[in-house]
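Notes follow the structure.
The values are calculated or read from the model by the stated rules, or taken from the named source; none is laboratory data. This one's a predicted model, so the numbers in the text were calculated from it and none came from an experiment. In this analysis, Cβ positions are derived from the backbone assuming ideal geometry, glycine residues included, and neighbour counts consider all displayed protein chains.
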C-alpha cells in the first residue's frame, strides 16, 4: 500500500506539472469556433466628438435559446453623453454580472457587457474561469438585447443605478471603454474569475477616469457586492445593498413592458 500511495503521488504530481505547463503556454486567441452571438468583435473609432462602434449587437429573442443575432454600426456624439448606469444581475451569494449603460441626450443608449467569450458547446465553469479557460469579451449592445434577455427571458432580478458622476467623467469613462475595446480586439486576453472579470474591468476604467489607484477591497472578488463598493466611493447613494436594490429592481417593469417598443423608458419608470 505504501508503494502504491507513492506511485499515485508521483502520477498526480506529474499530471499537475503537465497541466501547469499547458496553462503557461496556452495563448488567448480571437480565432476560435465561437457561439453565434459572440462571433463578431466590436471595435471603435474616435474622431473628435464622434465615436463609431462596429458590431453593436441587437439580437431578437424569442427565448434564451431561440434568437436571431443582428448587428449595426452605432454612431454616438460624446458631447451628448449625459448619464451612465450600473446594471447588476446577481446570482448566488457572491456572484453577479455587472454592466454599464451609457445614455445620450438624443435618446441613444448603448450597453457595455464584459463577458467570457464562449466557444460552441461551452458553458461557464468556475475552474475554467480561474485557469485560462475562456477569452475576455467586450459586448456592445442595445438594452433590448443584453439587459432584456436577463429580465424577460432568464427572468432574473436585475438592478439599475444611475451613477453619481459629472458629465465630464461619464464621457471620460466612455472613451476609456473605447480604448479597452480596441485593445482587446488587437491583443486578446484571458478572462479570470478573480482578477479580470466584469467588475474589475469597470473598476480599472474608473481608476483611470479619476486618476486614483484602486484600493484593495474584498468586494472586487465578490461582484454581488458591486452596489456596496459603489456606495463606498459615492457613486450610488444608499445605506445598504438591500435598501438600494429594493428601489432599483427593473425586472417587474420590464415584464410589464413585455415586447413594448419603449423598453428602455419602461425600465426607468420607477428609478
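Mind telling me which of the residues 37, 79 ends up being within 22 Å of residue 148 (Cα to Cα) and in a helix (DSSP H, G or I)?
Working: 79 fails: within 22 Å of residue 148 (Cα to Cα).
Step by step, each of 37, 79 is checked, and only 37 is within 22 Å of residue 148 (Cα to Cα) and in a helix (DSSP H, G or I).
Just a yes or no: is a residue in the range 211-222 in a helix (DSSP H, G or I) and at pLDDT 80 or above?
Initially, the range 211-222 is screened for residues in a helix (DSSP H, G or I), giving 218-221.
This time we only want the ones that are at pLDDT 80 or above, so: none.
No: zero hits.
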Those residues of the range 238-256 which are free of Cβ contacts under 8 Å to residues at least 60 places away in the same chain, touching a helix residue (DSSP H, G or I) at 6+ places or on another chain (Cβ under 8 Å) and not in a loop (DSSP other than H, G, I, E, B), in sequence order: 241, 253, 256
Pair list, Cβ under 6 Å, 6 or more apart: the range 31-45 residue without any contact (Cβ under 8 Å) to a residue 40 or more places away in the chain and at negative phi, other residue assigned to a strand (DSSP E or B) and surrounded by 15 or more Cβ atoms within 10 Å (Cβ to Cβ): 40/55; 40/71; 45/52
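Just to be sure, is residue 230 buried (at least 18 other Cβ atoms within 10 Å of the Cβ) and under 30 Å from residue 61 (Cα atoms)? Even if it seems obvious, please write down each step before you answer.
Values: buried (at least 18 other Cβ atoms within 10 Å of the Cβ): yes; under 30 Å from residue 61 (Cα atoms): no.
Spelling it out, it is not the case that residue 230 is buried (at least 18 other Cβ atoms within 10 Å of the Cβ) and under 30 Å from residue 61 (Cα atoms).
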The range 157-173, subset closer than 22 Å to residue 267 by Cα and crowded, with 17+ Cβ neighbours inside 10 Å, residue farthest from the chain's Cα centre (by Cα): 165
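Are any residues in the range 233-271 within 17 Å of residue 204 (Cα to Cα) and either in contact with a strand residue (DSSP E or B) (Cβ under 6 Å, 6 or more places away or on another chain) or surrounded by fewer than 16 Cβ atoms within 10 Å (Cβ to Cβ) (or both), and if so, which ones? Give the derivation first.
Going residue by residue through the range 233-271, those that are within 17 Å of residue 204 (Cα to Cα) are 233-235.
233, 234 - these are the residues of the range 233-271 that are within 17 Å of residue 204 (Cα to Cα) and either in contact with a strand residue (DSSP E or B) (Cβ under 6 Å, 6 or more places away or on another chain) or surrounded by fewer than 16 Cβ atoms within 10 Å (Cβ to Cβ) (or both).
If you scan the range 46-76, which residues turn out to be part of a loop (DSSP other than H, G, I, E, B), without any contact (Cβ under 8 Å) to a residue 12 or more places away in the chain and closer than 21 Å to residue 171 by Cα? Before the answer, list the steps.
Looking only at the range 46-76, we keep the residues that are part of a loop (DSSP other than H, G, I, E, B), and these are 48-49, 58-59, 62-66, 69-70.
From the residues that got through so far, the ones that are without any contact (Cβ under 8 Å) to a residue 12 or more places away in the chain too are 48, 62, 65-66.
48 - this is the single residue of the range 46-76 that is part of a loop (DSSP other than H, G, I, E, B), without any contact (Cβ under 8 Å) to a residue 12 or more places away in the chain and closer than 21 Å to residue 171 by Cα.
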Matching residues in the range 109-133 - criterion: being in contact (Cβ under 8 Å) with a residue 12 or more places away in the chain and out of contact with any helix residue (DSSP H, G or I) (no Cβ under 8 Å at 6 or more places or on another chain): 110, 119, 120, 122, 126, 129, 130
Residue within the range 116-132 that is touching a strand residue (DSSP E or B) at 6+ places or on another chain (Cβ under 6 Å), outside any loop (DSSP other than H, G, I, E, B) and over 18 Å from residue 65 (Cα atoms) present: no
Residue 57, sole failed condition from (1) at pLDDT below 95; (2) closer than 16 Å to residue 147 by Cβ; (3) in contact with a helix residue (DSSP H, G or I) (Cβ under 7 Å, 6 or more places away or on another chain): (1)
Residues satisfying the stated conditions in the range 137-155, i.e. assigned to a loop (DSSP other than H, G, I, E, B) and buried (at least 18 other Cβ atoms within 10 Å of the Cβ): 142, 147
